[in-house]
Amino acid sequence: MQRWTSDAPGGDSAHFCENPDARAGVRPVGMARRLHWSHESFQELAGMRRKSEQRLRGVCLVSLLAVAGWVLGPASARAQATPEMRAARAFAAAQKEGPPALEIFLRRMPKGGDLHMHLSGAVYAETFLKDAAEDRLCVNVAGLRFDAAHHSPDCPKGDVAATALPNDQHLYDELVDSFSMRTFVPVTGDSGHDQFFDTFDRFSGLAVSHDAEWVDDVAARAAAQNEQYLEIMMTPSFSAATALAEKLGFDSNYVQYRDRLMAAGFGKLVPPAEAYFDEAQTRRKAMEHCGEPGAAPACQVKVRFLYQVLRNMKPADVFAQLLLGFEVASADSQVVGINMVQPEDAYYSIHDYRLHMAMVHALHLMYPKVHISLHAGELTLGLVPPRDLRFHIRLAVEEADAERIGHGVDISYENDAAQLLHEMARKHVMVEINLTSNAVILGVKGKEHPLMLYRAYGVPVALSTDDEGVSRIDLTHEYVMAADTYPLSYMDMKLLARTSMEHAFLPGRSLWEQTTPERLTTPVAACRGQLGNAEPSGACAELVHHSQKAQEEWELERRFHLFEASF
């Protein structure tokens, strides 16, 4: 019995296609270079292959066309294949094998950025438990939550000290489950929606000083997955802002209301909010030893922030937060935009939705350079009455000037949905897709999810994690889910990554020519023929030098060049 192998495209991956025809390139070691590949000999080899079916199973040639060209053609198809083509074949093989193989492929693949990430929700429960012990918090055992009002050794009856958790594995595990979606199974009266959003109150109360540690935590996780950019949603203290707004009384004349607030000293609240973001960035870089010998890989991840506004509050409180967010984003280059968060179906969120969109629009007229991304359409039929599914995304796009939409799950329920989809494609409004989050909170997954609908209309989409700590996932998991669930190719994966950088709220020109629908395949004239190089030259170097967006897009293409060269 001879030993069999293949040096056809994809042979090194040790995976053969289940399709028998795709294994026609298998040949005995030592025979191939002496064998004249006539039609008869090809058929003889195919017969030999069939006799060894069990030994060959699990080994995959990734492209029938490439194999045929390699076996029968006058020139080597492998030599003619580009690195991108070889990577595409390896992806197709992994896709056929399933999630474990996709995990290996996609963890290494450059993924650009994660544009939809809440810092508190991105932290894993185990980190919270460690930090609670450092803060000497007490744990309310009955509620499986932190008791931020008490600290050890003065824990009240029914509480235990967080420092004692390592000695009680059962309680430790229960807290991890309470702080996340781990092991959660929905039952009557206890939905995935409620479990997800309830976690935030349970692990609240930790010291703000941990924020830098958490930013480092998510940056390190991103670096390990070949991500290069994060836009993290964070909320600084806003109690003084809301107190002032309530004292003056809500005024729906937003220009007048803003002027009254500023005249009453609102501007003094901006520097402390800026300092909150600056300290998180500065301390995170110090923890990673950025700029020093032995700097952590997380230093290679660029982090920017979105000012996060809590919308399930009274109108005066929401406006005060929005105003503070617009002021900070106008003054601090590290805060690249604003977003509005909390459950879209919560009382004030849904009751005042039109009011909130009008507030954002009015403030955007006053602060036109501030970027806007909005949670919109994180709803589904049954969660809210049908009337509340008809207009949220449209108002975010047309009224509130949103450049990006988070979730967008209820798009098909919008009034004149087809027209809105065309409008979003024309305006290049990108949708931040959160597959796991939408599955666990809304129960929307698979064919029910509008990811492929957005793609069919040419609306830009990118994958993001939402709350990777609560969901117990990472960005690679979202790519694996997308590749395993939908008919997406390697080039589709590449477009998802490119889209994340194209729609990052970074200043400067893009490397890509603008098309509708958005394709991101043709560089601007100055950079054609250069993408993938270590450094740009000529007019392209000038463009990249003056554009933070182009710098990150250039880096993404460099990473793709290295990744694809490995196949």
Here the residues within the range 478-509 that are closer than 19 Å to residue 555 by Cβ and assigned to a helix (DSSP H, G or I) are 479, 493, 494, 495, 496, 497, 498, 499, 500, 501, 502
By residue number, the members of the range 510-542 that are touching a Pro at 6+ places or on another chain (Cβ under 9 Å) and touching a residue at least 60 places away in the same chain (Cβ under 8 Å) are 517, 518
Cβ pairs under 7 Å, 6+ apart or interchain, first in the range 408-426 and hydroxyl-bearing (Ser, Thr, Tyr), second surrounded by fewer than 20 Cβ atoms within 10 Å (Cβ to Cβ), ordered by first then second residue, are 412/453; 413/381; 413/390
All conditions in (1) of a type outside the set (Ser, Thr, Tyr); (2) in contact with a helix residue (DSSP H, G or I) (Cβ under 7 Å, 6 or more places away or on another chain); (3) surrounded by fewer than 23 Cβ atoms within 10 Å (Cβ to Cβ) are true of residue 309 except (3)
Expected output for the range 248-273 (first residue farther than 21 Å from residue 307 by Cα and buried (at least 17 other Cβ atoms within 10 Å of the Cβ), partner at pLDDT 95 or above and among the hydrophobic types (A, V, I, L, M, F, W, C), Cβ below 9 Å, 6+ apart or cross-chain) is 251/316; 251/319
Taking the range 378-408 and keeping residues among the basic types (Lys, Arg) and part of a loop (DSSP other than H, G, I, E, B) leaves 390
Exception for residue 329 within (1) part of a helix (DSSP H, G or I); (2) under 23 Å from the mean Cα position of the chain (by Cα); (3) under 26 Å from residue 435 (Cα atoms); (4) not acidic (Asp, Glu) falls at (3)
### Task
Go through the residues of the range 365-377 one by one and say whether even a single one is surrounded by 18 or more Cβ atoms within 10 Å (Cβ to Cβ) and assigned to a helix (DSSP H, G or I).
no
- So is residue 408 within 17 Å of the chain's Cα centre (by Cα), modelled with pLDDT of 95 or more, on the phi > 0 side of the Ramachandran plot and surrounded by 22 or more Cβ atoms within 10 Å (Cβ to Cβ) or not? yes
Selection over the range 92-116 where residues are part of a helix (DSSP H, G or I) and either closer than 17 Å to residue 487 by Cα or out of contact with any Ser or Thr (no Cβ under 6 Å at 6 or more places or on another chain) (or both) yields a count of 15
All conditions in (1) surrounded by fewer than 24 Cβ atoms within 10 Å (Cβ to Cβ); (2) touching a helix residue (DSSP H, G or I) at 6+ places or on another chain (Cβ under 7 Å); (3) more than 24 Å from residue 322 (Cα to Cα) are true of residue 452 except (2)
Residue pairs within 6 Å by beta carbon, gap of at least six or interchain, first lying in the range 431-457 and part of a loop (DSSP other than H, G, I, E, B), second among the β-branched types (Val, Ile, Thr), listed first then second, are 444/380; 444/409; 450/411
The condition of being part of a helix (DSSP H, G or I), modelled with pLDDT of 95 or more and either more than 26 Å from residue 127 (Cβ to Cβ) or of a type in the set (Lys, Arg) (or both) holds, among 284, 304, only for 284
Worksheet item: Quick check, is residue 159 without any contact (Cβ under 8 Å) to a residue 60 or more places away in the chain, crowded, with 17+ Cβ neighbours inside 10 Å and not hydroxyl-bearing (Ser, Thr, Tyr)?
Response: yes
Residue 276 fails exactly one of (1) crowded, with 16+ Cβ neighbours inside 10 Å; (2) hydroxyl-bearing (Ser, Thr, Tyr); (3) not in a helix (DSSP H, G or I), namely (3)
Scanning the range 511-566 for residues that are part of a loop (DSSP other than H, G, I, E, B) and hydrophobic (A, V, I, L, M, F, W, C), the one surrounded by the fewest Cβ atoms within 10 Å (Cβ to Cβ) turns out to be 534
May I ask you to verify whether residue 211 is assigned to a helix (DSSP H, G or I), crowded, with 18+ Cβ neighbours inside 10 Å and either touching a strand residue (DSSP E or B) at 6+ places or on another chain (Cβ under 9 Å) or among the basic types (Lys, Arg) (or both)? yes
Please determine whether any residue of the range 482-493 is under 27 Å from residue 338 (Cα atoms) and charged (D, E, K, R).
no
Of the candidates 320, 316, the one satisfying the condition of being crowded, with 24+ Cβ neighbours inside 10 Å and either part of a helix (DSSP H, G or I) or not aliphatic (A, V, I, L, M) (or both) is 320
Taking the range 130-156 and the residues there that are crowded, with 17+ Cβ neighbours inside 10 Å and touching a His at 6+ places or on another chain (Cβ under 7 Å), the one that is nearest to residue 472 (Cα to Cα) would be 131
Answer yes or no: is there a residue in the range 472-484 that is surrounded by fewer than 18 Cβ atoms within 10 Å (Cβ to Cβ) and at pLDDT 95 or above.
yes
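The values are calculated or read from the model by the stated rules, or taken from the named source; none is laboratory data. For clarity, every value in this text was computed on a predicted model and none was experimentally measured. Reconstructed Cβ throughout: ideal geometry from the backbone, glycine too, with neighbour counts over all protein chains shown.
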